[in-house]
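In what follows, a structure is listed as structure tokens, so that the remarks can point back to it.
The values are calculated or read from the model by the stated rules, or taken from the named source; none is laboratory data. These figures come from a predicted structure and were not determined experimentally. Here the Cβ positions follow ideal geometry from the backbone for every residue, glycine too, while neighbour counts run over all protein chains shown. What goes into the accessible areas is simple: the full protein's heavy atoms, side chains included, and nothing from ligands, DNA or RNA. Shrake-Rupley method; radii C 1.70, N 1.55, O 1.52, S 1.80 Å.
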Amino acid sequence: MYKYDQYDQSIVDARVDEFRDQARRRLAGEITEDQFKPLRLKNGLYLQLHAYMLRVAIPYGTLDSRQMRKLAYIARTYDRGYGHFTTRQNIQYNWIKLEEAPDILADLATVEMHAIQTSGESIRNVSSDQYAGASADEIADPRPWAELIRQATTFHPEFSYLPRKFKIAVIASAEDRAAMRLHDIGLRLVANDAGDLGFEVYVGGGMGRTPFIAPLIRAFLPVDHLFSYCEAVLRVWNRTARRDNIHKQRVKILVHQMGAEAFAAAVEAEWQEILPNKSDVPRAEFDRIAAYFTPPAFEAGDREPDRADPDFAVWLDQNVKPHKHPGYAIVNISLKPIGGIPGDASADQIDLMADLAERHSFDELRVTHAQNIVLPHVRKADLYTIWQALVDAGLAESNLDLISDIIACPGLDYCSLANARSIPVAQKIATRFAGRQRDLGELKLKISGCINACGHHHAGHIGILGVDKKGTENYQLLLGGSGAEDASLGKITGPGFSEDGIVDAIERVTDQYIAVRQDGERFLDTYRRVGMDGFKEAIYG
Amino acid sequence: MNILTGNDLPTGDVIWWTGAGWSRHVADAVDVGTTGETTGAAEEALRRVNNPYVIEATDTADGPRPAHIKDRVRALGPTVRPDLTLKPDDAAAIAQVI
Ligand code: HEM
Ligand code: SF4
């Protein structure tokens with residue numbers, strides 16, 4: 001894992017001191033809320049439905065047990081005993097006091113964490129594959145590149161007042177576990193025929209009220225030019241984007257309006273201008289960063305776990321994935337207990353996951369965009385012990401990628417922008433399908449409480465969008481989305497439903513799927529074969 | 001009726017104007033008629049409230065009921081965590097929000 005050097009630590013510490021003074025001045029009445037708001041947002045502090053909300057960055061979703069324990073400590077000390085892991089691989093606390101926020105940032109800084117660039121019109125936390133460094137199908141660990149982007153863009157003044165927020169994802173395998181093409185820039189590490197590494201560069205993806213899947217604008221960018229090319233993308237956008245209409249300022253709108261080809265040409269021209277400046281991060285600096293991501297000292301030997309316990313065997317088949325090193329496995333810890341709140345974990349659960357990582361996963365954890373936690377490097381011999389500990393902590397739901405593994409934004413229970421509640425709908429669906437979810441196979445269900453789409457509803461095999469219908473909660477149903485390598489945007493089925501009505505409608509959808517599916521077809525495959533018409537009558541009669 | 005709400009500046013807690021000060025409980029809120037914005041601005045200047053705004057509510061036997069569900073959730077707490085609401089022991093409280 002990357003470790004801060006003295007420079008990293010000093011800029012984060014300086015930011016804590018700066019914010020402490022800003023908060024003091026706000027509380028003392030030296031500055032108004034209008035003056036303070038942009039300052040607190042630069043440190044991830046929002047005012048939400050019930051209190052202040054703090055979003056803490058977890059770079060590319062990677063953290064160690066010391067950092068995880070600090071997150072538990074913050075939940076226990078400053079919040080109400082829990083945190084919410086988000087689709088951007090971060091964590092949010094819902095009950096923060098402004099007067100304590102500087103202390104929280106100071107505590108975070110002691111474990112090399114912060115809330116910088118988790119809000120506002122900035123380059124946000126870079127996301128990546130939760131199996132990075134562990135998965136058999138990757139070309140190389142994508143995280144050194146993500147870290148390089150993080151360093152090169154943190155506090156970069158040119159990118160501090162962008163037209164809108166900007167999100168970058170880096171992956172290194174054919175399978176996309178990070179919704180890469182739904183980012184402003186999506187990067188996939190590939191090798192060319194000569195064996196050199198480069199990136200496929202996708203620009204202009206995103207969700208929100210105008211969702212787009214990012215088109216490919218460059219098929220092979222040599223890795224050494226990663227930063228200058230991203231810089232060119234940012235400059236073309238920064239210079240050309242509208243700034244008069246907040247809904248039209250993301251890069252996806254510009255790419256859509258210019259067309260991918262014209263946008264790519266503009267970036268190419270800008271890049272040629274930039275190249276002589278030598279703004280790329282030197283190879284030696286990349287090598288310094290990459291050294292922090294050297295694989296751990298895996299032990300030899302490969303012993304399959306004993307499958308005698310049937311519940312354990314189900315968990316193994318559903319939540320444990322193959323590792324690149326024989327004898328090891330990747331463990332997915334579901335934060336989706338049936339009837340629970342997707343992505344929430346108590347301080348005790350966070351501590352337990354930290355303990356398991358320290359003892360059994362070379363001290364590493366990952367947060368996934370599906371709001372689960374991963375132990376990336378677990379000896380197969382330790383799987384049963386881990387499973388037992390997870391069972392005791394209520395963390396052993398065997399539902400990875402099943403219908404109850406729901407992505408849900410906080411919705412109207414916590415979010416001041418919401419139109420409808422997301423969490424109760426997730427709870428009802430998970431409860432309704434708990435007994436038969438394995439028969440439904442992979443089925444990604446995603447719920448947002450408003451058009452901002454933090455819950456990725458456009459990218460759900462089944463998506464749900466909360467809307468406000470004359471003051472009551474109403475839910476639109478979407479089918480056919482995907483955030484994976486077969487990315488697609490869901491289509492709205494028709495008129496919306498009440499809270500209970502949407503659960504019934506989903507059951508009619510899954511019943512229809514079971515009735516018409518062919519051998520080996522996932523729900524998404526069946527939908528793509530039969531189309532919306534194949535479901536519409538079942539839904540609306 | 002119109003009631004005045006906002007957040008406590010240092011803690012962020014949801015608060016309601018009682019006519020003489022601020023309360024955590026919407027039941028204490030009073031009808032501000034047309035004076036809500038003036039009161040809100042004056043209180044904000046004194047840092048006794050952050051982000052004040054006036055909402056519509058209906059007068060009920062249990063006190064004011066905010067017209068919009070968003071303010072009813074604000075007034076009680078998250079419907080999915082009854083233990084964290086202002087009425088953890090009142091089983092009917094959440095149904096009244098919805
Ligand atoms: C009057 C003040 C400043 C001037 C004239 C200035 C000028 C520049 C120039 C010419 C570049 C190179 C841009 C390029 O190669 O495209 C640059 C890069 C940069 N500057 Fe400044 N700068 C100033 C202040 C600051 C401040 C206050 C900060 C930080 C708080 C800062 C942080 C950076 C960073 C992070 C980069 C990018 C470095 C990199 O890409 O390696 N600069 N600045
Ligand atoms: S999708 Fe809407 S309701 Fe959900 S968290 Fe985002 S802004 Fe809030």
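Side notes on the structure shown:
- Residues of the range A:453-480 satisfying the condition of being open to solvent by 20 Å² or more (accessible area, probe 1.4 Å), in a strand (DSSP E or B) and not polar (S, T, N, Q): A:Val467, A:Asp468, A:Lys469, A:Glu473
- Top-ranked residue in the range A:1-57 [being aromatic (Phe, Trp, Tyr) and under 25 Å from the mean Cα position of the chain (by Cα); ranked as nearest to A:Asp107 (Cα to Cα)]: A:Tyr4
Residue-by-condition table, conditions (1) of a type in the set (Ser, Thr, Tyr); (2) within 29 Å of A:Gly259 (Cβ to Cβ); (3) modelled with pLDDT of 95 or more:
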position	(1), (2), (3)
A:Ser122	yes, yes, no
A:Gly133	no, no, yes
A:Pro142	no, yes, yes
A:Tyr161	yes, yes, no
A:Phe199	no, yes, yes
A:Pro215	no, yes, yes
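- The residue list A:Ile403, A:Ile341 contains one member that is part of a loop (DSSP other than H, G, I, E, B) and open to solvent by 10 Å² or more (accessible area, probe 1.4 Å), which is A:Ile341.
- Every residue from the range A:377-391 that is touching a strand residue (DSSP E or B) at 6+ places or on another chain (Cβ under 9 Å) and under 19 Å from A:Asp405 (Cα atoms): A:Trp387, A:Leu390
- Number of positions in the range A:386-422 that are more than 16 Å from ligand 2 (Cβ to nearest atom) and within 14 Å of chain B (Cβ to nearest Cβ): 0
- Members of the range A:473-483 that are away from ligand 2 (no atom under 16 Å from the Cβ) and either not hydrophobic (A, V, I, L, M, F, W, C) or not assigned by TED's automatic domain parsing to the domain that holds A:Gly441 (or both): A:Gly480, A:Ser482
- For the range A:75-88, the count of residues that are open to solvent by 30 Å² or more (accessible area, probe 1.4 Å), farther than 26 Å from A:Gln130 by Cβ and outside any loop (DSSP other than H, G, I, E, B) is nonzero.
- With a requirement of 1 or more residues that are small (Gly, Ala, Ser) and more than 16 Å from ligand 2 (Cβ to nearest atom), the helices (runs of 4 or more DSSP H) lying completely within the range A:217-281 that satisfy it span A:226-240, A:260-274.
- Number of positions in the range B:69-98 that are of a type in the set (Ser, Thr, Tyr) and more than 9 Å from chain A (Cβ to nearest Cβ): 1
- Criterion: without any contact (Cβ under 8 Å) to a residue 24 or more places away in the chain, within 14 Å of chain B (Cβ to nearest Cβ) and in a helix (DSSP H, G or I) - qualifying residue of A:Arg25, A:Arg40: A:Arg25
- Among the criteria (1) surrounded by fewer than 23 Cβ atoms within 10 Å (Cβ to Cβ); (2) more than 16 Å from ligand 1 (Cβ to nearest atom), the one A:Gly205 does not fulfil is (1).
- Considering the conditions (1) within 13 Å of ligand 2 (Cβ to nearest atom); (2) touching a Phe, Trp or Tyr at 6+ places or on another chain (Cβ under 8 Å); (3) away from chain B (no Cβ under 14 Å); (4) of a type in the set (A, V, I, L, M), A:Ala453 is excluded by exactly one of them, (2).
- Test for A:Ala172: is it in contact with an Asp or Glu (Cβ under 7 Å, 6 or more places away or on another chain) and at pLDDT 95 or above: yes
- Evaluated against (1) more than 19 Å from the chain's Cα centre (by Cα); (2) on the phi > 0 side of the Ramachandran plot, A:Ala453 falls short on exactly one condition, (1).
- Hits in the range A:156-188 (condition: more than 16 Å from ligand 2 (Cβ to nearest atom) and surrounded by fewer than 20 Cβ atoms within 10 Å (Cβ to Cβ)): A:His156, A:Pro157, A:Glu158, A:Ser160, A:Tyr161, A:Ala174, A:Glu175
- Residues satisfying the criterion are absent from the range A:344-358 (criterion: within 14 Å of chain B (Cβ to nearest Cβ), open to solvent by 30 Å² or more (accessible area, probe 1.4 Å), part of a loop (DSSP other than H, G, I, E, B) and polar (S, T, N, Q)).
- Note on the range A:434-452: among residues that are farther than 17 Å from A:Glu521 by Cα and part of a loop (DSSP other than H, G, I, E, B), the one that is nearest to ligand 1 (Cβ to nearest atom) is A:Asn452.
- Restricting the search to strands (runs of 3 or more DSSP E) fully inside the range B:9-68 and requiring at least 1 residues that are within 11 Å of chain A (Cβ to nearest Cβ) and surrounded by fewer than 16 Cβ atoms within 10 Å (Cβ to Cβ) gives B:50-60.
- Subset of the range A:481-492 (residues that are part of a loop (DSSP other than H, G, I, E, B) and buried (at least 22 other Cβ atoms within 10 Å of the Cβ)): A:Gly481, A:Gly483, A:Gly490
- Taking the criterion of being outside any loop (DSSP other than H, G, I, E, B) and among the aliphatic types (A, V, I, L, M), the residues of the range A:282-330 that qualify are A:Ala284, A:Ile289, A:Ala290, A:Ala291, A:Ala313, A:Val314, A:Leu316, A:Val320, A:Ala329, A:Ile330.
- Qualifying residue in the range A:234-241 (condition: in contact (Cβ under 8 Å) with a residue 12 or more places away in the chain, away from ligand 1 (no atom under 16 Å from the Cβ), open to solvent by 60 Å² or more (accessible area, probe 1.4 Å) and closer than 25 Å to A:Glu121 by Cβ): yes
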